[in-house]
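Visitor: Provided herewith is a single structure, encoded as structure tokens, for subsequent inquiry.
The values are calculated or read from the model by the stated rules, or taken from the named source; none is laboratory data. Since the model is a prediction, treat every value here as computed from it, not as a measurement. Because the Cβ atoms are built from the backbone with ideal geometry, glycine has one as well, and the counts that use them run over all protein chains shown. Protein only, heavy atoms only, side chains kept; ligands, DNA and RNA dropped before computing areas. Shrake-Rupley method; radii C 1.70, N 1.55, O 1.52, S 1.80 Å.
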Amino acid sequence: MSSVGFIGLGTMGEPMALNLVRAGTSLVVWNRSPSKCGMLAEAGAAVANDPAEVFARCDVVVLMLVDGAAIDAVLARRNSAFTDRVKGRNLINMATTAPAYSRGLEADVRAAGGSYVEAPVSGSRKPAEAGQLVAMLAGEHAAVEAARPLLQPMCREMIECGPAPNALLMKLSVNLFLITMVTGLAEAVHFAERYGLDLSQLVAVLDAGPMASDVSRVKAAKLVAHDFAVQAAISNVLENNRLIAEAAREAGIASPLLDVCHALYGETQAMSLGGADMVAVIRAIEKRTAASV
């Protein structure tokens, strides 16, 4: 076995896997919706018929799946095939899951004779396409070091965070800041728009000032243009918000800003905007304004 497996070709997984293929990685891919494999096949990846084939052909498998249930399904975690799939293999979990889930999965993988690396990433589809993600790594040091060369084509930075689930806890900390920052930006744009200000001037001031960042530049432009084409979907942000809130509750940590955001993203999803970019949260803010008039 010399190929690398990649399972999960969604909004993030597809460009990440493409960067691996373009870097010369011999890649075997699988996705629940076969149509998502087309671009990878054209780029030179082999397409497996099912997850079992990926594990049979690869000794390193990257998982970029939506949640723990999807991971358990491809690993056949609840039946005897689990040991066959993970024994002697290094599993690199790049999905954002509950930290407690990841801790349990690592224990099961190691008990079955495999190794496990948490490698959640900071960044949305655009940096994924550019190979500019920031990976947070956790697990046994030897497994983490073995994973680094593989992750290089997808990431501009890799930061080792210690034992699992520290990488996922770090990712949730980063996402708490991201969610509250983008929500605040959406509220600022709404405020300026309601006062009839020139939004291009607002963007110019933000871009020239100390609060400017790659995220603010991209998201401010999308807000002004009412461009909700997905980079990080409302549904995914809401799920991340839930994971952070649950982790906060487990540790008795107050999260007042996050709780407000949780409500707003829930309201946005209820407006049939779950598949839109997270900047669509402005619609929930606008709705609250309309209701208060």
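Visitor: Applying 1/(1 + (r/R0)^6) with R0 = 35 Å to the Cβ-Cβ distance of Ala52 and Arg288, what FRET efficiency is obtained, to the nearest 0.05? Walk me through the numbers before you get to the answer.
Guide: Working: r = 49 Å, r/R0 = 1.40.
My answer for the efficiency is 0.10.
Visitor: For a quick check: with amide H placed at 1.01 Å from N, whose amide H comes under 5 Å from Cys58's, ignoring anything fewer than 5 positions away on the same chain?
Guide: Those lying under 5 Å, H to H, from Cys58: there are none.
Visitor: Right, something else. Based on the Cβ-Cβ distance of Ala270 and Lys126, what FRET efficiency does E = 1/(1 + (r/R0)^6) give at R0 = 30 Å, to the nearest 0.05? Before the final figure, lay out each step's value.
Guide: Values: r = 27 Å, r/R0 = 0.90.
Result of the calculation: an efficiency of 0.65.
Visitor: State the antiparallel share, in %, of DSSP beta bridges confined to the chain, rounding to the nearest 5. Kindly include the intermediate steps, with their values, before the conclusion.
Guide: Numbers: 5 of 29 bridges.
In the chain, DSSP labels about 15 percent of beta bridges as antiparallel.
Visitor: Using Cα-Cα distances under 8 Å and only pairs 6 or more residues apart, what relative contact order does the chain have, in percent?
Guide: Details: 495 pairs, mean separation 38.5, N = 293.
Rounded, it is 13 percent for the chain.
Visitor: Order 157-164, 94-101 from most to least packed using the mean count of other Cβ atoms within 10 Å. Let's see the in-between values first.
Guide: Values: 157-164: 16.2, 94-101: 21.4.
Ranking, from highest mean packing down: 94-101, 157-164.
Visitor: Report the full-extension gain for the segment Ala208 to Arg110: residue separation times 0.36 nm, less the Cα-Cα distance, to one decimal in nm. Walk me through the intermediate numbers first.
Guide: Values: separation 98, 0.36 × 98 = 35.28 nm, distance 4.98 nm.
Result for the pair: 30.3 nm of gain on full extension.
Visitor: Okay, moving on. When N is the residue count of the chain, what does its C-alpha Rg come to as a fraction of 2.2 N^0.38 Å?
Guide: Details: Rg = 20.1 Å, N = 293, 2.2 N^0.38 = 19.0 Å.
In units of the 2.2 N^0.38 Å rule of thumb, it is 1.05.
Visitor: Just how many pairs of Lys in the chain have C-alpha atoms closer than 27 Å, counting pairs that are eight or more places apart or on different chains?
Guide: Step by step, the pairs that qualify in the chain add up to 11.
Visitor: OK, next. Where the accessible area of the chain is counted over protein heavy atoms with a 1.4 Å probe, how much of it, in %, is carbon and sulfur? Before the final figure, lay out the partial values.
Guide: On the way: 7430 of 13210 Å².
Carbon with sulfur: 56 percent of the solvent-accessible area.
Visitor: Give the distance, in whole Å, between the Cα centre of the range 196-233 and the Cα centre of the range 101-163.
Guide: 31
Visitor: Sort the range 1-140 into rounded, prolate or oblate with this rule: let a ≥ b ≥ c be the square roots of the eigenvalues of the Cα gyration tensor; rounded if a/c is under 1.5, and if a/c is not under 1.5, prolate when a/b is larger than b/c, oblate otherwise. Write out the running numbers ahead of the final one.
Guide: Working: a/c = 1.69, a/b = 1.25, b/c = 1.35.
Judged from the Cα gyration tensor, the range 1-140 comes out oblate (a/c at least 1.5, b/c at or above a/b).
Visitor: Heavy-atom accessible area per residue, the chain, 1.4 Å probe: how many Å²? Spell out each step's value before the answer.
Guide: Values: 13210 Å² over 293 residues.
On a per-residue basis, the chain sits at 45 Å².
Visitor: As an exercise, use a Förster radius of 25 Å and the Cβ-Cβ distance of Arg156 and Met39 to find the FRET efficiency, rounded to the nearest 0.05. Present the calculation step by step, with values, prior to reporting the outcome.
Guide: Numbers: r = 22 Å, r/R0 = 0.90.
Calculated value: 0.65.
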